[in-house]
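Heads up, the thing below is written out as structure tokens.
The values are calculated or read from the model by the stated rules, or taken from the named source; none is laboratory data. Predicted model only: the values in this text are computed from it and were never measured. Using ideal geometry, Cβ is built from the backbone for each residue, glycine included, and neighbour counts are taken over all protein chains shown. Just so you know, the surface numbers come from the protein's heavy atoms only, side chains and all, with ligands and any DNA or RNA stripped out. Shrake-Rupley method; radii C 1.70, N 1.55, O 1.52, S 1.80 Å.
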Amino acid sequence: MLTEDGLEALVGALLRRGYRVIGPTVREGAIVLDEISSAAELPVGWTAEQEAGSYRLRRRADRARFGWAVGPHSAKRLLFPPSERLLSVRRSRGGLVVHGGVAQMPPQALLGARPCDLAAIAVQDRVLLGGAWADPAYQARRERLFVVAVNCGEAGGTCFCVSMGTGPAATAGFDLVLTELIDPDRGQPSYLIRAGTPAGQEVLAELAGRAATPAEVEAAAEVVARTAQSMGRRLDTAGLHQVLTGQPEHPRWQEVATRCLTCANCTLVCPTCFCHTVEDTSDLSGEHAERWRRWDSCFTLDFSYVHGGSVRPSVRARYRQWLTHKLATWIDQFGTSGCVGCGRCITWCPVGIDITEEVRALRGPGGSA
Amino acid sequence: MAARPRRRPRVAVWKFASCDGCQLSLLDCEDELLAVAGAVDIAYFPEASSRMGRGPFDLSLVEGSVTTPHDVERIQRVRRLSRYLVTIGACATAGGIQALRNFRDVKEFIGVVYARADYIGTLARSSAISEHVPVDFELRGCPINKRQLLEVVSAFLAGRRPTVPAHSVCVECKLAGTVCVMVAQGTPCLGPVTHAGCGALCPRYRRGCYGCYGPMETPNTAALAAGWQRLGARRPELLRVFRSFNAGAEPFVLESRRHEEG
Ligand code: SF4
Ligand code: SF4
Ligand code: SF4
């Protein structure tokens, strides 16, 4: 068990090992992921109410650090950054001089990863490392990542990890895992902590904790059991592949197209969406060129541009592509669903389009939309 | 390696009805201006130099909209003199703020404002350059972003396609890691229907997007207007937000008309 002060010791132990510690912190009216240098920067006593298209920070009555679900950011930002330079090329007397390779960065420690975040990292691992060609930049960051997971003590209004089998308890993919236990009288948290890897064990040995009592272990189990009971959303996955791939002309696709902005927010906040584009630029002198990779989305026209035009000009085709790939053809391609039930796409859609509701409507009769 | 052909490309900068802000973006490229001046021969740029070179030009940058009969003739001449013609800014690409006249009777304005209406030669509408001549590329923004301007000039000089994506401002907002003001504050934002380019400047300062870059590639303005209404916006406000710098852009014209009285 760790006390509140034990969290500070944990951050200190990670910093001493040379990690950039990335953790949840309050900024711009949300709990985001950012570099932290002290446990004091964690969102003490904050929570967030989430609904389709809406997120509001709220004060809690206690001093919980992890009394909220997921925020707008995910581990994707750390492992697969929004944009990165792949190459730079300079013209010289002898020809072209090419600089490539992965930029050296300090290793990162992610504090506060949720079970669905761990599942999302596992999905991105399959996509970016699993095939014949591993992505070297992703791999370099991934291999050095240290993960402190936190079991969920509070389900968000848009969470449905139980439906996707990814939470609310972490089972794998962490170095250390915490469960936050709140003293009901004093509102003070303490933390049940467990190591998942030798690296985690090593850090744990440095922390001044004490062994948990059987009552505390039981209380921690109750925390996640309670969270599992309070999911904000659910998604019925039975026969889903056929529902999505078997009805390309279902009227609901057209109906959702009248509401969808093709703004791409859903795909960019999704912790598993990995699509990107590669952009080449040259400077005015024509002596220097660069190649950049940046996040892209199946909601942009350029994304499906082939000679002469875009393959998916209609909103209907783009929304159908996103939902069908995410929940059905992803399984054909990577052996896992592309959705971990984090609810980010629901909360952060500016007009509150809810994938669980779209699936429900697509299960309905063709005319019910 | 073959030596590059070293006749410096000749560039001209033209002004039509506009505030000069976009041309100033070019002057504002302080660090880059030397590189610009080294790479190209700025043969015609009255804003910056008294030198009035004659055509033809390899690249013409055109700022401003067409508002007078004289403009209509002059843009034809600019087109004839230019190998590539790139329009810059909301005036040149969508008619600018002065396109507000398109929704009113200009003759009536002239009668109210000027003593001698017959001295005033003006058109009923303010229109984008592309309504009059073929345009090779339209760079949006009010004002344009200087980084994008350098990208467009560099691309035309290198004979490649400019990297100027037409997706929503939201994409830039998310790349920057900014928290969405619409979702987290309930602040109405035009980002989802607005063309990227500014780097989501206003959301980074916790304000909604004003639509300076005009409509994005597939703007669903009706769905966004419905979202604004759920956040409490009323029709006069919706009319106003779609009638600003890009009032003359077709998707914004149609959306603003939906919120007119009556
Ligand atoms: S599809 Fe939505 S709920 Fe599923 S993982 Fe992506 S953002 Fe989360
Ligand atoms: S579903 Fe929502 S977030 Fe996704 S593109 Fe459509 S409007 Fe944007
Ligand atoms: S703040 Fe505006 S631009 Fe940014 S994601 Fe939200 S709606 Fe889009």
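Name the single residue, out of those in the range A:318-341 being away from chain B (no Cβ under 14 Å) and among the charged types (D, E, K, R), that is nearest to ligand 1 (Cβ to nearest atom).
Looking at residues that are away from chain B (no Cβ under 14 Å) and among the charged types (D, E, K, R), I get A:Lys326.
Taking helices (runs of 4 or more DSSP H) that fall entirely within the range B:192-262, which contain at least 2 residues that are under 25 Å from B:Ile129 (Cα atoms)? If you could, list the steps in order and put the result at the bottom.
On the way: elements: B:201-204, B:221-230, B:235-242, B:250-258.
Filter on the range B:192-262 gives B:235-242, B:250-258.
Aliphatic (A, V, I, L, M), closer than 28 Å to A:Trp348 by Cβ, open to solvent by less than 50 Å² (accessible area, probe 1.4 Å) and touching a Leu at 6+ places or on another chain (Cβ under 8 Å), is that true of A:Ala109?
On the way: aliphatic (A, V, I, L, M): yes; closer than 28 Å to A:Trp348 by Cβ: yes; open to solvent by less than 50 Å² (accessible area, probe 1.4 Å): yes; touching a Leu at 6+ places or on another chain (Cβ under 8 Å): yes.
Considered against the rule, which asks whether it is aliphatic (A, V, I, L, M), closer than 28 Å to A:Trp348 by Cβ, open to solvent by less than 50 Å² (accessible area, probe 1.4 Å) and touching a Leu at 6+ places or on another chain (Cβ under 8 Å), A:Ala109 comes out as yes.
Name the one entry in B:Gly159, B:Gly232, B:Gly214 that is on the phi > 0 side of the Ramachandran plot, modelled with pLDDT under 95 and either aromatic (Phe, Trp, Tyr) or away from ligand 3 (no atom under 13 Å from the Cβ) (or both).
Values: B:Gly232 fails: modelled with pLDDT under 95; B:Gly214 fails: modelled with pLDDT under 95.
So the residue among B:Gly159, B:Gly232, B:Gly214 that is on the phi > 0 side of the Ramachandran plot, modelled with pLDDT under 95 and either aromatic (Phe, Trp, Tyr) or away from ligand 3 (no atom under 13 Å from the Cβ) (or both) is B:Gly159.
Which of the residues that make up the range A:259-273 are within 7 Å of chain B (Cβ to nearest Cβ) and either more than 11 Å from ligand 3 (Cβ to nearest atom) or more than 15 Å from B:Pro192 (Cα to Cα) (or both)?
Within the range A:259-273, A:Arg259, A:Cys260, A:Thr262 qualify.
Please determine, by comparing only the residues of the range A:274-302 that are more than 9 Å from chain B (Cβ to nearest Cβ) and under 25 Å from the mean Cα position of the chain (by Cα), which one is farthest from A:Arg90 (Cα to Cα). Break it down stepwise before answering.
Here is the first cut: in the range A:274-302, the residues more than 9 Å from chain B (Cβ to nearest Cβ) are A:274-276, A:278, A:287-288, A:290-291, A:293, A:298.
If we keep only those that are under 25 Å from the mean Cα position of the chain (by Cα) as well, we get A:274-276, A:278, A:293, A:298.
Values: A:Phe274: 30, A:Cys275: 28, A:His276: 25, A:Val278: 18, A:Arg293: 18, A:Cys298: 33 Å.
By that ranking, first place goes to A:Cys298.
Per-residue answers, yes or no, for (1) away from ligand 2 (no atom under 13 Å from the Cβ); (2) within 30 Å of B:Pro215 (Cβ to Cβ); (3) in contact with a Gly (Cβ under 8 Å, 6 or more places away or on another chain); (4) open to solvent by 60 Å² or more (accessible area, probe 1.4 Å):
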| position | (1), (2), (3), (4) |
| --- | --- |
| A:Ala238 | yes, no, no, yes |
| A:Gln242 | yes, no, no, yes |
| A:Gly246 | yes, no, no, no |
| A:Trp253 | no, yes, no, no |
| A:Thr258 | no, yes, no, yes |
| A:Thr267 | no, yes, no, no |
| A:Thr272 | yes, no, yes, no |
| A:His276 | yes, yes, no, yes |
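Name the one entry in A:Ala48, A:Ala13, A:Ala61 that is more than 18 Å from the chain's Cα centre (by Cα), closer than 30 Å to A:Gly352 by Cβ and either open to solvent by 20 Å² or more (accessible area, probe 1.4 Å) or among the small types (Gly, Ala, Ser) (or both). Break it down stepwise before answering.
Values: A:Ala48 fails: more than 18 Å from the chain's Cα centre (by Cα); A:Ala13 fails: closer than 30 Å to A:Gly352 by Cβ.
The unique qualifying residue is A:Ala61.
Considering only residues that are within 12 Å of ligand 1 (Cβ to nearest atom), away from chain B (no Cβ under 14 Å) and either over 23 Å from A:Ser54 (Cα atoms) or modelled with pLDDT of 95 or more (or both), which ones fall in the range A:152-176?
Of the residues in the range A:152-176, the ones within 12 Å of ligand 1 (Cβ to nearest atom) are A:156, A:158-161, A:163-164, A:166-167.
The next check asks that each one be away from chain B (no Cβ under 14 Å); those that pass are A:159-161, A:163-164, A:166-167.
Answer for the range A:152-176, where residues must be within 12 Å of ligand 1 (Cβ to nearest atom), away from chain B (no Cβ under 14 Å) and either over 23 Å from A:Ser54 (Cα atoms) or modelled with pLDDT of 95 or more (or both): A:Cys159, A:Phe160, A:Cys161, A:Ser163, A:Met164, A:Thr166.
Could you tell me whether A:Ala289 is small (Gly, Ala, Ser) and open to solvent by 10 Å² or more (accessible area, probe 1.4 Å)? Let's see the steps before the verdict.
On the way: small (Gly, Ala, Ser): yes; open to solvent by 10 Å² or more (accessible area, probe 1.4 Å): yes.
When the stated conditions are applied, A:Ala289 passes them.
Hey, among the residues in the range B:199-215 that are hydrophobic (A, V, I, L, M, F, W, C) and open to solvent by less than 40 Å² (accessible area, probe 1.4 Å), which one's nearest to ligand 1 (Cβ to nearest atom)? Let's see the steps before the verdict.
Taking the range B:199-215 first, the residues hydrophobic (A, V, I, L, M, F, W, C) are B:200-202, B:209, B:212.
Restricting the remaining residues to those that are open to solvent by less than 40 Å² (accessible area, probe 1.4 Å) gives B:200, B:202, B:209, B:212.
Numbers: B:Ala200: 20, B:Cys202: 25, B:Cys209: 23, B:Cys212: 29 Å.
Here the residue is B:Ala200.
Starting from the range A:193-206, take each residue that is closer than 15 Å to A:Leu111 by Cα and list its partners that are exposed (fewer than 14 other Cβ atoms within 10 Å of the Cβ), counting only C-beta distances under 8 angstrom and pairs at least six apart or across chains.
A:Ala195/A:Gln201; A:Gly196/A:Ala172
Pairs needed: first member in the range A:250-273, farther than 9 Å from A:Val315 by Cα; second member anywhere, assigned to a helix (DSSP H, G or I) and at pLDDT below 95; C-beta distance under 7 Å; at least 6 residues apart or different chains.
Listed by first residue and then by second, the contacts come to A:His250/A:Gly366; A:Pro251/A:Gly366; A:Pro251/A:Gly367.
For B:Ala128, indicate whether it is touching a Gly at 6+ places or on another chain (Cβ under 8 Å), at negative phi and within 16 Å of ligand 3 (Cβ to nearest atom). Steps first, please.
Working: touching a Gly at 6+ places or on another chain (Cβ under 8 Å): yes; at negative phi: yes; within 16 Å of ligand 3 (Cβ to nearest atom): no.
The answer is no for B:Ala128.
Would you list the helices (runs of 4 or more DSSP H) that sit entirely within the range A:255-367 and hold 2 or more residues that are of a type in the set (Phe, Trp, Tyr)? Break it down stepwise before answering.
Values: elements: A:265-269, A:315-324, A:330-334, A:344-347, A:355-363.
Where helices (runs of 4 or more DSSP H) fall fully within the range A:255-367 and carry at least 2 residues being of a type in the set (Phe, Trp, Tyr), they are A:315-324, A:330-334.
Residues of the range B:140-197 being more than 10 Å from chain A (Cβ to nearest Cβ), charged (D, E, K, R), surrounded by fewer than 23 Cβ atoms within 10 Å (Cβ to Cβ) and in contact (Cβ under 8 Å) with a residue 12 or more places away in the chain, which ones?
Once the filter is applied, which keeps residues that are more than 10 Å from chain A (Cβ to nearest Cβ), charged (D, E, K, R), surrounded by fewer than 23 Cβ atoms within 10 Å (Cβ to Cβ) and in contact (Cβ under 8 Å) with a residue 12 or more places away in the chain, the range B:140-197 yields only B:Lys146.
Within the range B:85-115, count every residue that is of a type in the set (D, E, K, R) and modelled with pLDDT of 95 or more. If you could, list the steps in order and put the result at the bottom.
Within the range B:85-115, the subset of a type in the set (D, E, K, R) is B:101, B:104-105, B:107-108.
Now restrict to residues that are modelled with pLDDT of 95 or more: none.
Number of matching residues: 0.
Please find, among B:Val66, B:Val62, the residue that is at pLDDT 95 or above and either within 14 Å of another protein chain (Cβ to nearest Cβ) or more than 25 Å from A:Leu284 (Cβ to Cβ) (or both). Give the steps one after another, and end with the answer.
On the way: B:Val62 fails: either within 14 Å of another protein chain (Cβ to nearest Cβ) or more than 25 Å from A:Leu284 (Cβ to Cβ) (or both).
None of the other options fit; the residue is B:Val66.
Test of understanding: among A:Gly156, A:Gly167, which residue is more than 16 Å from ligand 2 (Cβ to nearest atom), out of contact with any strand residue (DSSP E or B) (no Cβ under 8 Å at 6 or more places or on another chain), small (Gly, Ala, Ser) and not assigned by TED's automatic domain parsing to the domain that holds A:Leu327?
Numbers: A:Gly156 fails: out of contact with any strand residue (DSSP E or B) (no Cβ under 8 Å at 6 or more places or on another chain).
Result: A:Gly167 is the single residue among A:Gly156, A:Gly167 that is more than 16 Å from ligand 2 (Cβ to nearest atom), out of contact with any strand residue (DSSP E or B) (no Cβ under 8 Å at 6 or more places or on another chain), small (Gly, Ala, Ser) and not assigned by TED's automatic domain parsing to the domain that holds A:Leu327.
Quick one: what pairs do we get from the range A:305-316, first residue more than 13 Å from chain B (Cβ to nearest Cβ), second of a type outside the set (Phe, Trp, Tyr) and not in a loop (DSSP other than H, G, I, E, B), C-beta under 6 Å, 6+ apart or different chains?
Listed by first residue and then by second, the contacts come to A:Val311/A:Ser304.
Out of all the residues in the range A:346-360, which are open to solvent by 20 Å² or more (accessible area, probe 1.4 Å) and under 22 Å from A:Pro248 (Cα atoms)?
A:Glu357, A:Arg360 - these are the residues of the range A:346-360 that are open to solvent by 20 Å² or more (accessible area, probe 1.4 Å) and under 22 Å from A:Pro248 (Cα atoms).
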